[in-house]
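Enquirer: Here it is, the structure in full.
What follows is calculated from the coordinates using simple rules that are stated; it is not laboratory data. Source: prediction; values computed, not measured. Every residue, glycine as well, gets a Cβ built from its backbone with ideal geometry; the counts of neighbours run over all protein chains shown.
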Amino acid sequence: MKVVTLRCANCGAPLSVKHRARFVACNFCDSQLEIHREKSATYSTTTDNTHKARTRKLEKSIERLQFTNELERLDQAWLMEQDQYMKTGDDGERSVASHGSALGTLVTGVGLVVFTLHSLAYRFPAPVTIIAGLVSLAVFASALHEMHKADRYKQARHDYERRRYDLLARMNRPKGG
Ligand SMILES: [Zn+2]
């Protein structure tokens, strides 16, 4: 196959085109070029489509930028939202609410109930029994609260991950087919 070498009329890049080709797109700048063959030389001129192609390219990169911004916003929002499911431990370390830590609290509550029953059985002074009973109720309430928080965290995380996945899927899908 015979190939002609010429330069892109728009950016000057060297192009190899088939001998009989009338139109070609520049690989470097996306210009749509018309090939002219004259006795003295073969050269290219840009066509009306060049502008359209360049606009399309620009639109594509703007769209990409918008997606990137949206993704960044989503991640930022999640980081902030995540904070309300965090708690600060005794060592000052932040951790997210989990069923595991709620279970730990629950075990403490059970221990306190055992102590309350024990103090009832062995006739400890009434205030001791009452306080132990109230504290175990409070601990159980706290365990429930923690469990609920862990559930909400799980749901929120799931929502965030799905939104992020959808966004990435939309980003990688070419617009308009
Ligand atoms: Zn070019």
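Enquirer: Subtracting the Cα-Cα distance from 0.36 nm times the residue separation, let me have the gained length for Thr88 to Lys57 in nm, one decimal.
Expert: 6.3 nm
Enquirer: Using a 10 angstrom cutoff on alpha carbons, build the Gaussian network for the chain and name the most mobile of Arg164, Arg20, Arg94.
Expert: In this elastic network of the chain, the residue with the biggest mean-square fluctuation among Arg164, Arg20, Arg94 is Arg20.
Enquirer: For a paramagnetic label modelled at 7 Å from the Cα of Cys11 toward its Cβ, which residues of the range 21-45 fall within the zone defined by backbone nitrogen distances under 18 Å?
Expert: Answer for this model: 24-35, 44-45.
Enquirer: In terms of the ratio Rg/(2.2 N^0.38 Å) built on C-alpha atoms, what value belongs to the chain?
Expert: So the chain has a normalised radius of gyration of 2.21.
Enquirer: When the dipole is taken about the Cα centre of the chain, and only Lys, Arg (+1) and Asp, Glu (-1) are charged at their Cβ, what size is it in debye, to the nearest 20?
Expert: 1500
Enquirer: Can you name the helices of the chain, as whole DSSP H runs, whose Cα span along the helix axis is 30 Å or more and whose Kyte-Doolittle mean is not below -0.5?
Expert: Helix filter hits for the chain: 99-121, 126-172.
Enquirer: Explain nothing, just compute: Karplus ³J(HN,Hα) = 6.51 cos²θ - 1.76 cosθ + 1.60, θ = phi - 60°, for every residue of the range 4-19 in order, whole Hz, x for Gly and Pro.
Expert: Karplus values, whole Hz, x for Gly and Pro: 10, 9, 8, 10, 5, 5, 8, 10, x, 5, x, 10, 10, 10, 4, 3.
Enquirer: What pairs in Lys60/Lys149; Lys60/Lys87; Lys18/Lys57; Lys18/Lys52 have C-alpha atoms more than 32 Å from each other?
Expert: The pairs that break the limit, which is 32 Å between Cα atoms, are Lys60/Lys149; Lys60/Lys87.
Enquirer: Moving on to the next point. Express in nm, to one decimal, how much length is gained between Arg20 and Gln66 on full extension, taking 0.36 nm for each residue of separation and deducting their alpha carbon distance.
Expert: 12.4 nm
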